[in-house]
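S.K.: Got a structure here, written out as structure tokens. Questions coming.
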Amino acid sequence: MNYTLIKDVVVLLEDFEKNNASRSYPGNLSGFKRWIHDEMQGRSEKEITCNEPHWEFKERGRSEDSVINTLIVKMNRYAKYYVKSILKFSDFSTQDEFVYLINLTVFGEMTKMELIKKNLQDKPVGMQIINRLIKNGWIQQSDSAHDKRSRVIKITENGSNALEAQMRKIRQVSSIVGGNLTRSEKMDLIRILTKLDDFHSQIYFKDIDSSELIDKVYDTYLIRQN
């Protein structure tokens, strides 16, 4: 018999009787279980509050959502800052060009719109990038083997060579953006960002009209979940 466990339960029962003087909980097993649940939940909330990070203007009511939005934007700008070093000494004009080539390398040939959507860009911007890649001879168009009415694009040998020439620097930039996070922290961040990406992607690919986007997303996806 586990006497240590019995002693721990007895101590909890004593605490229950002391803290339940006002009879907020029934003096039975059901009340004891509810008290334990509320105690644990209360401690958990206190731990979260105590471990909350501090951020600028928190005391003035700046929300955690505002901080998350700002930090995500800043991370993107930091990444672009490092990428400029690659662009300066290569034939690439923008980061999007080698991202497009990487996607074609990994996923194979696809239509122009499939490639543009994969990179979450508007059609005019995506077409400009694709046209530059075609002009450089890094991708080529051909008739689809599955649908003769549509055309697909794929990376060329010149495109693969141009991309490969920069891959060492691209990997270095990826490592730099990961910064001083430990492997465990990176795994946590991947899980959190993947959850956030799943949330936004389900909305993004619905192509909701911009005139009703904010209200519809807020009412449908946030209020419903909260």
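What follows is calculated from the coordinates using simple rules that are stated; it is not laboratory data. Please read all numbers here as calculations on a predicted model, not as lab measurements. Cβ coordinates were reconstructed from backbone atoms using ideal geometry, including for glycine residues, and neighbour counts include every protein chain displayed.
S.K.: Of (i) 1, 7, 14, 18, 20, 17, 12, 6, 3, 1, 0, 0; (ii) 1, 5, 8, 10, 12, 11, 10, 9, 8, 5, 4, 4, 4, 4, 3, 1, 0; (iii) 1, 7, 13, 15, 17, 15, 12, 9, 6, 4, 2, 1, 0, 0, which one was derived for P(r) over Cα pairs in 5 Å bins from 0, in percent from the structure shown?
M.R.: Read-out from the structure maps to (ii).
S.K.: Order of Lys7, Lys117 from fewest to most other C-beta atoms within 10 Å?
M.R.: By the 10 Å Cβ count, ascending: Lys7, Lys117.
S.K.: Taking 45 Å as R0, compute the FRET efficiency from the Cβ-Cβ separation of Asn20 and Ile176 and round it to 0.05.
M.R.: 0.20
S.K.: Something else: Starting from segment 131-217, pick out the GluC sites (Glu not before Pro) whose DSSP state is loop and whose Cβ has at most 14 other Cβ atoms within 10 Å. Numbers along the way, then the final one.
M.R.: Details: sites: Glu157, Glu164, Glu185, Glu212; in loops: Glu212.
Answer in residue order: Glu212.
S.K.: Normalised by the number of residues in the chain, what is the relative contact order in percent for Cα pairs under 8 Å and 6+ residues apart?
M.R.: It rounds to 13 percent for the chain.
S.K.: Something else about it: Kindly put Thr156, Thr111, Thr4 in sequence by how many other C-beta atoms sit within 10 Å of each C-beta, fewest to most.
M.R.: Thr4, Thr111, Thr156
S.K.: Restricting to Cα pairs below 8 Å that are 6+ residues apart, what does the relative contact order work out to for segment 129-226? Please round to a whole percent.
M.R.: Relative contact order here is 14 percent.
S.K.: Further, regarding this structure: Taking neighbour Cβ counts within 10 Å as the exposure measure, how do Trp138, Trp55 sort from fewest upward?
M.R.: Trp55, Trp138
S.K.: Another question, if that's okay. Of Arg168, Arg60, Arg183, which has the largest mean-square fluctuation in a 10 Å C-alpha GNM of the chain?
M.R.: Looking only at Arg168, Arg60, Arg183, the biggest GNM fluctuation is shown by Arg60.
S.K.: What are the semi-axes of the equivalent ellipsoid for segment 64-179, taken as the square roots of 5 times the Cα gyration tensor eigenvalues, largest first, in whole Å? Intermediate values should be presented prior to the final figure.
M.R.: Values: eigenvalues 153, 68, 26 Å².
Gyration-tensor ellipsoid for segment 64-179: 28, 18, 11 Å.
S.K.: Starting from a Cα-only point model with no solvent, please compute log10 I(q)/I(0) by Debye for segment 102-144 at q = 0.28, 0.34 1/Å.
M.R.: Log-scaled intensity ratios, in q order: -1.17, -1.36.
S.K.: Scan the chain and note any complete DSSP helix (H) whose C-alpha atoms cover at least 15 Å along its axis and whose Kyte-Doolittle average is -0.5 or more.
M.R.: 3-19, 64-88, 95-107, 123-135, 157-178
S.K.: Gain in length, Glu64 to Glu39, computed as 0.36 nm per residue apart minus the alpha-carbon separation, to one decimal in nm?
M.R.: Net length gain for the segment: 6.4 nm.
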